[in-house]
Amino acid sequence: MAGSHKAGAASRRESDGPAAPRRGKKRSRARLIGITGLSVVVLAVAGGGWIYFQLNGNIKTFDDGGISADRPAASTKGSNVLIIGSDTRSGDNAQYGHGKGDIGRSDTALLLHVYADQKHAVAVSIPRDSLVDIPSCKLPNGSWTKGQHRVMFNSAFEVGETVEGNPACTQNTVEKLTGLRVDHTMVMDFEGFAKMTDAVGGVQVCVPNNVYQGDLNPKLKRKGNLVFAKGPQKVSGQKALDYVRIRHGIGDGSDIGRIKRQQAFIGSLIKQVKGNGLDPTTLLPLANAATKSMTVDPGLGSPSKLISFAMSMKGIDLHNTKFVTLPWRYEGARVAVVEPEADALFAALRADRTVDGQDAGAKDKSAAPSPAASAPAPASGKGISVAVYNGTITKGLAGTAAESLKSAGFTVTGASTAATQDYTHTVIQYGPNDAAKAKTLATHFPDALMRPSKQPGVSVILGTQYKPDGPDASPSAPAAVPSSVADTARSADDNICSNLSYG
């Protein structure tokens, strides 16, 4: 059957994941959180991009040869930046944490979506224990792993067990999870975070209860001295690091509660930078602290590239800088991704819809066209052959879609079941000379992911988001951030003592 080989291969690529990496030595209970990478975002939002000209030589880049070729298509609707915090204890980082620097690890990552209007941004926190599919990833010896199904999200960074970690593998995992193409990836470590908070003169935080030495180090087996008194206070350096990475003995003691405090900390840090003023005296020490401990993809590996990135966000104010958490629920000791809320969140970001439901791509919000007006109308498929596969457990879906495509003029070469039935997003695959045909087909599947293939022909693999008879099938259905996510979003100008727990 035409297209069966490529659809089956793609199905295997989407469902397979790397073998579980061997765990290193038992890690310290005190862990670095992923917000450290947002130091550059802080500078960008504060409007200090021009000082990067003075930072040449500070920034390291990682090998982007590990980024998968099987990824979402580039989008004109905003841009996406993955921010990873690395808790390696090697080098100067040893003074800031317990344990050894044998393997680079990351407990929290954030996906920052900068909207097309360059007036809004939202950072999505991905809990470290989220059960996700990790696709094939590149090892240090050049070989590629097999995929892995429903494993902890933070294990992607450990694939290959190197001190510097595997940011490309984490990027591949995020793209598979979200259906969003990651334009840039940043990694930052202990030292950069601690020195950054020193450079701004400290950051205002709020502590929900008294915290003692025994809370920072459970192995102490006694209460110890008071480290943080309950209430608002300013922290910097090691104390700031302790605040953002502590989990036990503060608030509700959960990792989700820690994420809430991390989000509040970022907002407070942005506010502090803006309050200090945007001049070289204040911004250069901050930029130096951040970039000396940063590793980025080659697309950001020069001052001029960083300037372009930073300037794209300088117009975002505090209130329009939002923080949300990937929809989740506990599954034993782990965190399950909640559907369809997670799919809806990422569909909204792909459509460039803000947390409050606005179309950020429109110049005039009061005259913003409806999705029905802006989306291309379903086009005639005359002269185009397509193979249809059901990538879900819903029976009869391929046949239903095939009949719909036939009525639109397409020649359907077959309708059958894909190699795996775990697709969330509908995927359109197309050969080297079939991009135009694939775009025509995409008008009938407005939320589909477009993926090039080395093999000729066009095929569509239906995911659970495809609803042939529901409102989601119509281009007129607006993509909206689910209310369960929007109602709990934090703005950078929110009170630092508000909403410090998920409960």
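The values are calculated or read from the model by the stated rules, or taken from the named source; none is laboratory data. Since this is a predicted model, take the numbers as computed values, not measurements. Neighbour counts are summed over all protein chains in view; Cβ atoms, including those assigned to glycine, are modelled from backbone coordinates with ideal geometry. To get the accessible areas, we keep the full protein, side chains included, count just its heavy atoms, and leave off ligands, DNA and RNA. Shrake-Rupley method; radii C 1.70, N 1.55, O 1.52, S 1.80 Å.
General remarks:
- Residue within segment 188-203 that is at pLDDT below 95, buried (at least 22 other Cβ atoms within 10 Å of the Cβ) and touching an Asp or Glu at 6+ places or on another chain (Cβ under 7 Å) present: yes
- Matching residues in segment 161-212 - criterion: being assigned to a helix (DSSP H, G or I) and among the β-branched types (Val, Ile, Thr): Thr170, Thr173, Val174, Thr178, Thr197
- Considering residues of segment 385-398 that are assigned to a loop (DSSP other than H, G, I, E, B) and touching a strand residue (DSSP E or B) at 6+ places or on another chain (Cβ under 9 Å) only, the residue surrounded by the most Cβ atoms within 10 Å (Cβ to Cβ): Gly391
- Some residue of segment 235-254 being without any contact (Cβ under 8 Å) to a residue 24 or more places away in the chain and touching a helix residue (DSSP H, G or I) at 6+ places or on another chain (Cβ under 8 Å): no
- Scan segment 61-78 for residues that are in contact with a helix residue (DSSP H, G or I) (Cβ under 9 Å, 6 or more places away or on another chain) and either outside any loop (DSSP other than H, G, I, E, B) or open to solvent by 80 Å² or more (accessible area, probe 1.4 Å) (or both) and the total you get is 6.
Here is a yes/no grid of residues against (1) assigned to a loop (DSSP other than H, G, I, E, B); (2) touching a residue at least 40 places away in the same chain (Cβ under 8 Å); (3) open to solvent by less than 10 Å² (accessible area, probe 1.4 Å); (4) closer than 26 Å to Arg150 by Cα:
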| residue | (1), (2), (3), (4) |
| --- | --- |
| Thr400 | no, yes, no, no |
| Thr413 | no, yes, no, no |
| Ser416 | no, yes, no, yes |
| Gln429 | no, yes, yes, yes |
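- Subset of segment 204-227 [within 20 Å of Asp107 (Cβ to Cβ) and touching a helix residue (DSSP H, G or I) at 6+ places or on another chain (Cβ under 9 Å)]: Val205, Val211, Leu216
- Restricted to segment 356-384, and to residues there that are loosely packed, with under 12 Cβ neighbours inside 10 Å and at pLDDT 80 or above, the residue that is nearest to the chain's Cα centre (by Cα) is Ser380.
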